[in-house]
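Data first, discussion second: the structure below is written as structure tokens.
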């Protein structure tokens, strides 16, 4: 079984946490939309808009690993407060910027603050997951995705359509201020004491500690599967619109529906599949995810009709949600500091997303756009084979000890 029956959930804490998660996701979605439109207002070219977006991603990747250590040392409550206030201050300055390059610098600073907020929440969620119940393992990502993919873009579009950029950014900054203050009512002061030497400070440096953590069976495997999972999801989100519109000549509305359906199906799967996976053995959960991921890549790689692509989008959502739920349920039981686990998991996802978009785009020049989805199937199966081999090695070592 993936997880045992949990103790009664702290429903009051969970309700506050999920609300904060939705708000946090909403601010990310709002920030993406408002900043893109503001960049166009500053006459930025598509290439410059891409650099502005990329600067935020670069900022996130640079601080993700150290963020876990700082949260482990100073606590989620304090770090989340400072990171939120930093975002608030930056967004109050942004509407007065007059050049796209200055906007890119501001976005990189916001991006550098995001891991401190996300990892603070993710580590708190992992610490409390056993009391919430293992069937709620996907609620954090689902609630954050609801804000980021659904509410945030809608609110951002509504604001910029009915008010100027100054008002839009003031509203965005105000939300960060609200989250900074409200989070102090329930985020933990400090992380729970860890009863293992793995991932602890001692005399080891930051990278040495993370290398030691990756040798742990569950942590290493979760990071690897999160990396591949994110690369497949990024491959779909980066290229499905181009494939549907330019190669398959589908109407724009039908192409956008593929992206929307995949996002909504992922959110639904994260909320719904938790109770089912708690009753399933780990090997069957992995097999299900492998099957759905392979089916998704085959459907999108060979599909010429909209319904076939739509079915592929749903299969991808189920595969991605299953992997995330399994990882969260397992890592909740790890004795390693949850903030450090969260930083590794976040960096794995960010790196995988970067691989999916960059390597996918490069590969498409050689083999064609639709074929890149088929080319990703060996990566998925090699990862599954490696995880199976690693489990066999661990089992043999345990028998021989």
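Coordinate-derived values only; no laboratory data. Predicted, not measured: the structure shown is a model, and the values here were computed from it. Don't worry about glycine lacking a Cβ; one is built from the backbone with ideal geometry, like all the others, and counts go over all protein chains shown.
Listing for the model above:
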{"item": "By average C-beta atoms within 10 angstrom, highest first, the peptides 309-315, 367-373, 249-255", "result": "309-315, 367-373, 249-255"}
{"item": "Where labels lie 7 Å past Cα in the beta-carbon direction, separation of residue 185 and residue 13 in nm", "result": "1.6 nm"}
{"item": "Taking the C-alpha atoms of the stretch 210-396, convex hull volume expressed per residue in Å³", "result": "115 Å³"}
{"item": "Extension gain (nm, one decimal) between residue 208 and residue 298, 0.36 nm per residue minus Cα-Cα", "result": "28.5 nm"}
{"item": "Listed residues 271, 47, 227, most fluctuating in the chain (Gaussian network, C-alpha, under 10 Å)", "result": "47"}
{"item": "Förster-model FRET efficiency, 56 Å R0, residue 157 and residue 217, C-beta, rounded to 0.05", "result": "0.80"}
{"item": "Calculated FRET efficiency for the pair residue 102/residue 74, C-beta based, R₀ 30 Å, to 0.05", "result": "0.50"}
{"item": "Answer label, with Cα extents along the principal axes in Å calculated from the coordinates and candidates [x] 120, 60, 47; [y] 78, 52, 46; [z] 67, 52, 39", "result": "[z]"}
{"item": "Alpha carbon centroid spacing (whole Å) that separates the stretch 202-253 from the stretch 283-322", "result": "16 Å"}
{"item": "Theoretical FRET efficiency, 1/(1+(r/R0)^6), r = Cβ-Cβ of residue 281 and residue 397, R0 25 Å, to 0.05", "result": "0.75"}
{"item": "Cα-projected label distance for residue 381 with residue 170, points at 7 Å along beta-carbon direction, nm", "result": "5.9 nm"}
{"item": "Distance (nanometres) between label positions extended 7 Å along Cα→Cβ at residue 261 and residue 363", "result": "2.3 nm"}
